[in-house]
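First comes the structure, then the notes that go with it.
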Amino acid sequence: MVKLRTLHHSAKLRFQTDLRTIIRQHTRWGSSFATLSRYFELLPFIDSEDEELAELLPHAASKRRLRDLLGELKDVESVSKAPQGSDVDLLDVRVWFDGLIAEMPSYARYLAPRADIVHSPDFEAGCVRVLKGQAKHLIRAEMVALESFMVDPRAQDRATDEEQADASASFVERIQKRRRLDERQPY
């Protein structure tokens, strides 16, 4: 890809396509995906008869491995960008990470629930259990990590009093509120 940025080769490429090469940035893994993806987009336009470039182009077996790698990187790219969306909670992210680990076990070192990079594994595990509706199964360390998020029982009593005082609400609103209160957990 670097060789295609030279004046001579870039001019040749410009006659055939508006695409330009992308150089990999060592500090960003996404640039590896972008570079590989762009390589396969540019491949039909690269002059394979040019001896200078022919020496640098990978062989057929290497191209097959690169295509497989691109497929893996597409999965990783989707999992890395999905948490940036709206309406995503920790449970969703954990499910995506676990799915990626199931497909590619080598990522467990970085994405497992107790990986070295996780700042507070007990907090993360506790949040996931609460989001699954399993707050009763929290271990002591998870309870301590989530302690500051625990709902005050007196606040729950006040909410019940407000429900009784809210007789002017429609029938549907009262049923929905009752369902929310029944589902309420201490966290």
Report task. Could you please give the count of residues in the stretch 77-98 that are of a type in the set (Lys, Arg) and surrounded by 15 or more Cβ atoms within 10 Å (Cβ to Cβ)? Result -> 1
Report summary line: Note on the stretch 54-81: residues touching a Phe, Trp or Tyr at 6+ places or on another chain (Cβ under 6 Å) and not acidic (Asp, Glu) are Leu73, Val79
Query raised in the report: When you look at Phe123, is it without any contact (Cβ under 8 Å) to a residue 40 or more places away in the chain, surrounded by 11 or more Cβ atoms within 10 Å (Cβ to Cβ), in the same structural domain as Leu19 (by TED's automatic domain parsing) and hydrophobic (A, V, I, L, M, F, W, C), yes or no?
Result: no
Query raised in the report: In the stretch 57-100, how many residues are among the charged types (D, E, K, R) and not in a helix (DSSP H, G or I)?
Result: 2
**Report entry** Residue list for the stretch 103-118, restricted to those being under 15 Å from the mean Cα position of the chain (by Cα) and either in contact (Cβ under 8 Å) with a residue 24 or more places away in the chain or not in a loop (DSSP other than H, G, I, E, B) (or both)
**Finding:** Glu103, Met104, Tyr107, Ala108, Tyr110, Leu111
Requested in this report: Please specify each residue of the stretch 71-102 satisfying the condition of being over 22 Å from Leu36 (Cβ atoms) and touching a residue at least 24 places away in the same chain (Cβ under 8 Å).
Outcome: Asp89, Leu90, Leu91, Arg94
Query raised in the report: Tally time: how many residues in the stretch 135-187 are under 27 Å from Glu124 (Cα atoms), part of a helix (DSSP H, G or I), modelled with pLDDT of 75 or more and aliphatic (A, V, I, L, M)?
Result: 6
Report task. Mind listing whichever residues of the stretch 3-51 are hydrophobic (A, V, I, L, M, F, W, C), within 27 Å of Val76 (Cα to Cα), modelled with pLDDT of 70 or more and in a helix (DSSP H, G or I)? Result -> Phe33, Ala34, Leu36, Phe40, Leu42, Leu43
Report task. Test Asp50 against the stated conditions and say whether it is of a type in the set (Asp, Glu) and either surrounded by 14 or more Cβ atoms within 10 Å (Cβ to Cβ) or not assigned by TED's automatic domain parsing to the domain that holds Asp18 (or both). Result -> yes
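The values are calculated or read from the model by the stated rules, or taken from the named source; none is laboratory data. Worth saying up front: this structure is predicted, and the values here are computed from it rather than measured. No Cβ is skipped: glycine too gets one built from the backbone with ideal geometry, and neighbour counts run over all protein chains shown.
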